[in-house]
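What follows is one structure encoded as structure tokens, with my remarks underneath.
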Amino acid sequence: MALSLFKDADALYEQAIDLIKQGEFEKARGRLMKSIEKDGGPDDISAVLVCMIDMRGRLGDVSAYGNLLNALKATKAKEFTFGLTTVSVPTMILQCELAIEEIHALNMNGSSAVTLEKGNRLLKLAQRYQSEVGNETLKMNEIFLNDTTRTGIREGMVLLAMGYESLASGTVWNDPKKAAEYQQIAYGYRKQVGDTGESNLKLINDYSKTCKCWFCGRTASGLGIHFFPMSSEISPMLLKSGEGEPIKSDSDDHNSIYACRACYRGISIRADEIAKVYYNQAMGEMRAMEARLNAEIAALWSAVRSIR
Amino acid sequence: MLRCKYCGAPFEAKDVEANTPYITCRSCGTTQQRIDAKAYLDQVMDQVRSWVSSAMPGGFSMSQAENVDSIARHNIYVTNVRPRISAEISEYKFAANTLMTNPLFVMPFTTDNAAKPVHTSASAFEFDAKIKGLSPLAVDSNDRKELNTAEDLVKAYALMINNVKLLQEDKPGRYVLMSNNFSQASEMLSKSNEYAPMSKRFLALAHACNGCEKLLNGDPMGSMGHLEKGVSELRDLKDNLFSFPSLAIMYQGVERELSQVSAVADLVRSSSSTGGDPVKTLGALAKISNIQYPNVSNWTILRTKDRNSELFQHLSQALGARSGSGTMLIASGDGDYLFPFWDVDLRYSFVTGALWSKKSVEVTEDILIPGDFPIDSACLTNPASGVTDIFALRPETSILAGLRGSETSISGGEGIGALSETARPGNPGARKIIVPLSTKKEAEHLTENYLVQRTQSNSKLRLSKPYVKNLIYIPCKVSGSSIIINGFGKLLPERIKRTDINQLIVL
């Protein structure tokens, strides 16, 4: 490498390419920026490489993808090389667009309607990954994580799992049975991508459970959502009275009774109110006692002072 | 309807009507005495009746259900029956979907134990009978539709459980039974749009099974039509599966089925053009499934079943080349055997020079990997012994060159590139073909492990990007049980020195 103080844009670019291959990304970025300042335009491939360097450690950052996408759309080059990997510009544009959509969808949180919308968007995105990326690897994962196993098909499977999990969350408030079915499908996809799917199995189990409320007799499905176990004592006589019922009102170990959400919340709120009254009463009495004690202490002090 | 006492499947009407003391189940293939089947039916029906009556309010008899007014029946269904049955239906639906993620086809003479249904076929058929027993109570059209769909799914699931058992044992006539089960299941599920892709899959597999049965019965020409139909229908299903997100769960299963059915079809096609016997070849190929691979912790990919499909494809390609209907990449050289090697294109960069002379150099090299490396545990634990170890032969340069930055390479594999470049599409002729026992993914994995190994011992090596290009065949000679290959010089992989021809499959 020749030692010269004033390099032209091409020399700086070549130097940057060399530094990228050495794994010296920060230095490479500096050279590329200088190259752009000297001779670059908005369509400069150096701008693409700068954005690529900025992607390191920011694979979940929409703005980083946005910058890269703009640079890719501006360049006239058909492909570029980053390190040892040559990437086609249209492929990268597609994968950036999909990644941005994916991050936006995954960041959607809120009411049931929003969660349902999130689920549907993830399912559509999964189809795009399958049909438009297919068995191609995701270039960002290949370049920055050295992971060549993440293909469009695999990403589609992951998104289908997450999509159905979102649909389940958005549905469980109105239809726990449907939510359990969505969780079953999500479990299948989790298994396909090598996850254990244990959390899905737990939710399938909970959402599928049905009880008859011990208090009002209504049928409710969805443990932890629409009905709750409450610790209690069930006498043998009461146990007998529930025998043969198709739907149970108590837990398998008979240490808890089931209460539908309405009864559970009604009892909880009323219990809170009663507890609050007792609390206020106790606090009032404590304050009165405190005042009495303070008065007695003050009287005692004045007696002590008078003795002195 | 009489039922099989072994699997619970109802017998076909013509079998029931025939007045023979013995009856054979067309779903699981077991022959039994008619009297035993009758006894089993009584037992099942007793269980169903007892289950149904336990779900009914006291005093209600199912035998008079049709005479009870529809509002009362609906109330009983909603209050007493639905809560109980819907949980079980959901459980069966889940189990059926989980089973569908597995491949439901195997090549002749091979078995597959991967699928593990959570129910027995007898319990699934029994549940189907329970659903049927409850149907008079489903007055509402939605309830009826729900029960009918569940009944079809559970019955199809029960038939698939029988097929899973047939996948596990290589017994004569299993493809007839499987085809019968697939056809029936396909017909049942075709009634519902929800399960249309599953129905298409079963129909395609029924064709594939018919093809295999014909092939095993000595009719390769007759088998081709069925196999090709199976291939095209499975391919069509695979391409469109993601349009049905709830059933795209079958994708990997369908993909593996497609590769296996395609391999059988290719094999029949190549054999027919040479006048060879495809059944004999299939028998030899089945040995691949029985090879015991070493148990090395980071090589779990060797225990995945889908690898066989790719191995069969390589075989199919080799057979095609032998028959003249295709070609294989053969390097120049001497010998009456052709040994498979993975040709890997390796690009790497290293740093040379000091201070202002520091720079990176990009080098492109070729690495060859013996195609039989997975059977050798030494290659799996020490990847350098399974490849042409180019980094072991570093070009001699002066210390000054290292400081000045004038080094051009830290590896020495030029001769290997020249050897692999001689590979051209051709036919093996009379030469014997050694069957590759590794997949492309495994070759990639070995190369990655090798590069990790070398990066740890060589601080100059920075980035590396291996690309497994092709499977090429290099002519070699056999002396005793050893392989003798020329052209590798000092780079001959240690694996080749250890190879015992008796442990390999030779065509």
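Brief remarks on what is shown
- Translational diffusion of region B:172-307 was estimated from the Stokes-Einstein equation, with Rh taken as the Kirkwood radius over Cα pairs; at 20 °C and 1.002 mPa s the coefficient is 133 µm²/s.
- Our summary gives chain A a relative contact order of 8 percent, counting only alpha carbon pairs under 8 angstrom and 6 or more residues apart.
- Counting charges near A:R150 (Lys, Arg +1; Asp, Glu -1) among other residues having Cβ under 12 Å from its Cβ returns a value of -2.
- Whole-number percent relative contact order across chain B, with pairs defined as alpha carbons under 8 Å at least 6 apart: 12 percent
- Order of B:Y40, B:Y450, B:Y77 under a 10 Å beta carbon neighbour criterion, fewest first: B:Y40, B:Y77, B:Y450
- Cα-based shape type of region A:209-292, given that a ≥ b ≥ c are square roots of the gyration tensor eigenvalues and the cut on a/c is 1.5: prolate
- Two-site label geometry, A:E79 and A:K240: point separation in nm, points 7 Å out along Cα→Cβ: 8.3 nm
- Local net charge near B:P294, Cβ-Cβ under 12 Å (Lys/Arg +1, Asp/Glu -1): 0
- Those Cys residues of chain B for which no other cysteine Cβ falls under 4.7 Å: B:C209, B:C212, B:C379, B:C476
- Angle in degrees between helix B:251-274 and the longest Cα principal axis of chain B, rounded to the nearest 10: 70 degrees
- Shape annotation for region A:1-107: C-alpha extents along the principal axes are 50, 26, 22 Å, from largest to smallest.
- Residues A:M157, A:M283 arranged by fewest to most Cβ contacts within 10 Å: A:M283, A:M157
- Residue-averaged beta-carbon neighbours from other chains (10 angstrom radius) around A:128-140: 1
- Whole-Å distance, taken between Cα centres, linking region B:464-486 and region A:229-308: 81 Å
- Proximal aspartates and glutamates relative to A:K118, as straight alpha-carbon distance under 16 Å, when same-chain residues fewer than 8 apart are discounted: A:E101, A:E102, A:E165
- Normalising the average separation of contacting C-alpha pairs (under 8 angstrom, six or more residues apart) by the number of residues puts the relative contact order of region B:329-503 at 39 percent.
- Helix A:176-192 axis, angle to chain A major axis (alpha carbon atoms, nearest 10°): 40 degrees
- Exercise: per-residue mean of other protein chain Cβ atoms within 10 Å, B:240-248: 6
- On Cα atoms only, tilt of B:174-189 relative to the major axis of chain B in degrees: 60 degrees
- Cross-link pairs B:K441/B:K497; B:K165/B:K214; B:K229/B:K441; A:K177/B:K93; A:K21/B:K358 - those with Cα-Cα distance over 19 Å: B:K441/B:K497; B:K165/B:K214; B:K229/B:K441
- Value at 222 nm in deg cm²/dmol, rounded to 500, when DSSP H runs of n ≥ 4 in chain A each add -39,500 (n - 2.57): -21000 deg cm²/dmol
- Mean Cβ neighbour count within 10 Å, used as a protection proxy, ranking B:451-462, B:115-126, B:131-142, B:254-265 highest first: B:254-265, B:115-126, B:131-142, B:451-462
- Counted charge near A:R121, where neighbours are those whose Cβ lies closer than 12 Å (Asp, Glu -1; Lys, Arg +1): 0
Rule-based calculations on the coordinates, nothing more; no lab input. Quantities reported herein were computed from a predicted structural model and do not represent experimental measurements. FYI the Cβ positions are ideal-geometry reconstructions off the backbone, even for glycines, and counts take in every protein chain you see.
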